[in-house]
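Enquirer: Below are the structure tokens for one structure; questions will follow.
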Amino acid sequence: MRKVSAFNLATLVLGMAFLYLPIAVLVIYSFNASQLVAVWGGWSLRWYAALIDDAALVESAFISIRLALVSASAATLLGTLAALALARFHRFRGRLLFAGMIYAPLVMPEVITGLSLLLLFVAMAVDRGFWTVAIAHTTTAMCFVTMIVQARLVDFDVSLEEAAMDLGAPPLRTFLSVTLPLILPAVVAAWMLAFALSLDDLVIASFTTGPGATTLPIRIYSQVRLGVKPEMNAVCSIMVGVVGIAVIAAGVLAKLSAARGAARPPR
Amino acid sequence: MFAGRRRSFWQKLVVRIPYAWLVAFFLAPFLIVIKISLSQTAVAQPPYSPRLVLGAGWPGLRAFLASLTLDNYRLLGSDSLYLLSYVKSLEIAAFSTLILLVLGYPIAYAIARTPRRWQGVLVLLTVLPFWTSLLIRIYAWMNILQRDGPLNHVLMALSIVREPPAWLASDTAVYIGIVYSYLPFMVLPLYAALEKLDDTLLEAAADLGCTRWKIFWLVTLPLSSSGMVAGMLLCFIPIVGEFVIPDLLGGSQSPMIGQTIWMEFFGNRDWPAASAVAVVLVCLLVTPLVVYQHQALRAAGRE
């Protein structure tokens with residue numbers, strides 16, 4: 001077994017401290033009883049209690065959750081289809097353009113994605129609101145879904161699918177009873193990441209939203225622009241908690257997926 | 001699974017549905033941005049002209065094409081505001097990518113040197129903060145960096161400074177925010193390259209009399225260059241277009257290009273100018289990618 005040198009250990013400790021201390025400070029300060037953000041006034045849940053009375057904030061939270069549910073589901077469906085297309089159909093017209101459109105949104109600055117979608121909605125004279133943001137989030141998240149599901153599809157044994165087809169299963173049946181169960185953990189993990197992406201997004205939502213669809217990040221942003229507020233510490237801490245749990249669950253699922261892949265039958 | 005067989009209607013749908021979606025909501029919007037960047041600002045709703053009216057037929061299309069203009073691009077070249085924000089964005093992206101490389105390399109190296117069974121956990125721990133909202137992570141830093149915040153408390157308590165320095169609304173704060181937010185993007189590709197490194201090569205170098213620094217310099221560093229390039233691209237490209245970090249942590253006097261697009265759009269309602277800024281930004285960002293792809297292909301050809 002390798003030994004960890006003192007230098008490497010120190011690097012790891014400092015690196016992890018740098019990554020986690022700011023979030024820890026935020027969470028600790030969210031329990032601060034003092035009205036002044038920077039003065040410690042003992043432990044208290046008063047800012048969490050204050051959140052429940054903030055009707056606008058609660059409404060935004062529900063909009064954001066609904067939005068994340070809708071766009072994560074649509075993105076998972078579209079992204080899985082795209083992954084199947086890329087991993088299983090090696091030749092079709094416009095494959096290069098298709099692959100380009102899958103990868104491009106991953107490096108495109110959010111400001112430009114948001115701007116271009118808004119211009120599309122304006123050109124089509126669509127009223128902006130919940131559904132335009134949902135379309136925008138679906139578009140960006142589906143590319144992440146495709147990457148994750150495609151990695152899993154490329155990874156597993158194609159002969160399983162071929163065996164099912166040789167035994168007379170039609171393609172749809174093959175997909176439902178062989179392919180889908182094998183890629184399911186990756187699909188679920190991708191759904192969770194799409195959910196987190198939608199819940200987090202500020203820039204694209206700001207461009208594509210309309211009246212009555214103020215998402216939680218937009219509301220938080222309009223508050224924190226003006227400075228640090230104790231209620232915002234509490235909201236952000238809750239979001240850190242929710243996303244943390246979701247990501248850890250996604251990680252566990254991915255592990256399960258890998259374990260299932262390892263247990264494939266011998267050829 | 002379906003290769004070599006005639007594809008049924010349903011199988012064609014597997015390709016066509018996501019394809020159509022991306023054409024409608026990724027490609028078409030971008031073409032519209034290009035088109036509007038060639039239009040003129042107008043006091044109307046929507047605030048640009050000409051508008052393409054498909055019902056007008058060929059003469060309408062010709063008139064439309066004739067009234068397109070490059071004025072917005074000329075404006076970009078002549079107004080120093082735009083030039084300055086491009087330069088500022090590239091400068092901040094370049095410096096913070098270098099800082100990220102210097103900070104990320106030792107972390108990736110340390111992860112790759114720990115026993116295998118810890119590596120997965122350490123990688124997960126590195127990525128985890130990335131999944132909490134960028135907005136929240138930047139807000140956490142607003143907490144820490146504020147005038148009577150924890151950082152200044154610590155600095156005062158250790159008597160490193162006498163007066164609490166103002167961290168917020170400065171480039172320093174922007175650099176801190178960027179380095180914090182993008183560290184996972186740098187560490188992961190570096191780790192992926194370092195993890196593959198063959199221990200026997202290091203042993204061979206040691207047997208031949210290399211000191212530890214020389215081994216690092218002559219063996220480890222060159223062999224991890226692919227990870228370094230990937231990490232630098234993964235950081236540099238999105239940092240150039242960053243909006244949230246400079247907006248919340250930076251000063252208002254010299255905006256980055258993402259902020260300029262935002263301001264032109266929401267503040268000045270100059271949609272054609274915002275579109276032109278966006279088109280030029282995409283061209284700026286695509287260039288390093290194309291160069292990278294070209295290099296990667298050449299490297300693959302040599303092997």
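Enquirer: Cβ contacts < 6 Å: first residue under 19 Å from B:SER254 (Cβ atoms), restricted to segment B:67-82; second residue of a type in the set (Ser, Thr, Tyr) and in a helix (DSSP H, G or I), any location; separation 6+ or different chain. Result?
Expert: Close Cβ pairs satisfying both conditions: B:LEU76/B:TYR82.
Enquirer: Do the conditions hold for A:VAL13, that is, is it free of Cβ contacts under 8 Å to residues at least 60 places away in the same chain and within 13 Å of chain B (Cβ to nearest Cβ)?
Expert: So A:VAL13 passes the test.
Residues checked against (1) at pLDDT 90 or above; (2) part of a helix (DSSP H, G or I); (3) away from chain A (no Cβ under 14 Å):
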position	(1), (2), (3)
B:GLN11	no, yes, no
B:LEU61	no, yes, yes
B:GLY77	no, yes, yes
B:GLY104	yes, yes, no
B:ALA108	yes, yes, no
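Enquirer: Identify, from the list A:LEU96, A:LEU118, the residue that is closer than 23 Å to B:GLY258 by Cβ and among the aliphatic types (A, V, I, L, M).
Expert: After ruling out the rest, the residue left standing is A:LEU118.
Enquirer: In segment B:113-186, which helices (runs of 4 or more DSSP H) lie fully inside it and hold 3 or more residues that are closer than 30 Å to B:LEU202 by Cα? Let's see the steps before the verdict.
Expert: Working: elements: B:116-131, B:134-145, B:150-157.
By residue number, B:116-131.
Enquirer: Out of all the residues in segment A:146-156, is one or more surrounded by fewer than 19 Cβ atoms within 10 Å (Cβ to Cβ), in a helix (DSSP H, G or I), over 13 Å from the mean Cα position of the chain (by Cα) and basic (Lys, Arg)?
Expert: No: segment A:146-156 contains no residue that is surrounded by fewer than 19 Cβ atoms within 10 Å (Cβ to Cβ), in a helix (DSSP H, G or I), over 13 Å from the mean Cα position of the chain (by Cα) and basic (Lys, Arg).
Quick grid of which residues meet (1) free of Cβ contacts under 8 Å to residues at least 24 places away in the same chain; (2) away from every other protein chain (no Cβ under 13 Å):
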| position | (1), (2) |
| --- | --- |
| B:LEU194 | no, no |
| B:THR200 | yes, yes |
| B:GLY209 | yes, yes |
| B:TRP213 | yes, no |
| B:PRO246 | no, no |
| B:PHE266 | yes, no |
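Enquirer: A further question on this structure: Taking helices (runs of 4 or more DSSP H) that do not extend beyond segment B:189-303, which have at least 1 residues that are in the same structural domain as B:TYR105 (by TED's automatic domain parsing), modelled with pLDDT under 85 and within 30 Å of B:ALA28 (Cα to Cα)?
Expert: On the way: elements: B:199-207, B:212-215, B:225-240, B:244-249, B:257-262, B:271-302.
Once the helices (runs of 4 or more DSSP H) in segment B:189-303 are filtered for at least 1 residues that are in the same structural domain as B:TYR105 (by TED's automatic domain parsing), modelled with pLDDT under 85 and within 30 Å of B:ALA28 (Cα to Cα), what remains is B:271-302.
Enquirer: Taking A:ILE183 as the residue in question, decide whether it is more than 9 Å from every other protein chain (Cβ to nearest Cβ), farther than 22 Å from A:ARG66 by Cβ and surrounded by 22 or more Cβ atoms within 10 Å (Cβ to Cβ). Talk me through it step by step, then tell me what you get.
Expert: Values: more than 9 Å from every other protein chain (Cβ to nearest Cβ): yes; farther than 22 Å from A:ARG66 by Cβ: yes; surrounded by 22 or more Cβ atoms within 10 Å (Cβ to Cβ): yes.
So A:ILE183 fits the description; yes.
Enquirer: What is the one condition in (1) without any contact (Cβ under 8 Å) to a residue 12 or more places away in the chain; (2) of a type outside the set (Lys, Arg); (3) farther than 22 Å from B:PHE243 by Cα that A:ALA82 does not satisfy?
Expert: (1)
Enquirer: Here's something else I'd like to know. Residues to consider are B:ALA56, B:ALA94; find the one that is away from every other protein chain (no Cβ under 14 Å), assigned to a helix (DSSP H, G or I) and modelled with pLDDT under 75.
Expert: Values: B:ALA94 fails: modelled with pLDDT under 75.
Within the list B:ALA56, B:ALA94, the selection yields B:ALA56.
Enquirer: Among (1) among the aromatic types (Phe, Trp, Tyr); (2) closer than 30 Å to A:LEU119 by Cβ; (3) touching a helix residue (DSSP H, G or I) at 6+ places or on another chain (Cβ under 7 Å), which single condition is B:TYR191 missing?
Expert: (2)
Enquirer: Just checking, how many residues over segment A:220-249 are more than 7 Å from chain B (Cβ to nearest Cβ), among the aliphatic types (A, V, I, L, M) and within 15 Å of A:ILE23 (Cβ to Cβ)?
Expert: Summing the residues that are more than 7 Å from chain B (Cβ to nearest Cβ), among the aliphatic types (A, V, I, L, M) and within 15 Å of A:ILE23 (Cβ to Cβ) in segment A:220-249 gives 6.
Enquirer: Give the residues of segment A:187-219 that are more than 25 Å from A:CYS143 (Cα to Cα) and either within 11 Å of another protein chain (Cβ to nearest Cβ) or part of a helix (DSSP H, G or I) (or both), sorted by residue number. Please lay out each step first, then the result.
Expert: From segment A:187-219, those more than 25 Å from A:CYS143 (Cα to Cα) are A:211-212, A:219; that's our starting set.
Within segment A:187-219, A:ARG219 is the sole residue that qualifies.
Enquirer: Follow-up question, since we're still on this one. Are any of the residues in segment A:91-110 facing chain B (nearest Cβ under 7 Å) and either over 19 Å from B:PHE30 (Cβ atoms) or touching a His at 6+ places or on another chain (Cβ under 8 Å) (or both)?
Expert: Yes, that holds for at least one residue.
Enquirer: I would also like to ask the following. Considering only residues that are farther than 14 Å from A:CYS236 by Cα, surrounded by 13 or more Cβ atoms within 10 Å (Cβ to Cβ) and in contact with a strand residue (DSSP E or B) (Cβ under 7 Å, 6 or more places away or on another chain), which ones fall in segment A:17-43?
Expert: If the condition is that a residue be farther than 14 Å from A:CYS236 by Cα, surrounded by 13 or more Cβ atoms within 10 Å (Cβ to Cβ) and in contact with a strand residue (DSSP E or B) (Cβ under 7 Å, 6 or more places away or on another chain), then A:ALA33, A:TRP40 are the ones that fit.
Enquirer: Taking the criterion of being touching a residue at least 12 places away in the same chain (Cβ under 8 Å), at the interface with chain B (Cβ under 9 Å from one of its Cβ atoms) and among the hydroxyl-bearing types (Ser, Thr, Tyr), would at least one residue in segment A:33-55 satisfy it?
Expert: no
Enquirer: Of all residues in segment B:123-138, how many are at pLDDT 90 or above and farther than 20 Å from A:GLY15 by Cα?
Expert: Qualifying residue count, segment B:123-138: 0.
Enquirer: If you go through segment B:125-136 one residue at a time, do you hit one that is more than 7 Å from chain A (Cβ to nearest Cβ), touching an Asp or Glu at 6+ places or on another chain (Cβ under 9 Å) and surrounded by 15 or more Cβ atoms within 10 Å (Cβ to Cβ)?
Expert: no
The values are calculated or read from the model by the stated rules, or taken from the named source; none is laboratory data. Bear in mind that the values here come from a model prediction, so they are computed numbers and not experimental data. Here Cβ is always computed from backbone atoms with ideal geometry, including for glycine, and neighbour counts include all displayed protein chains.
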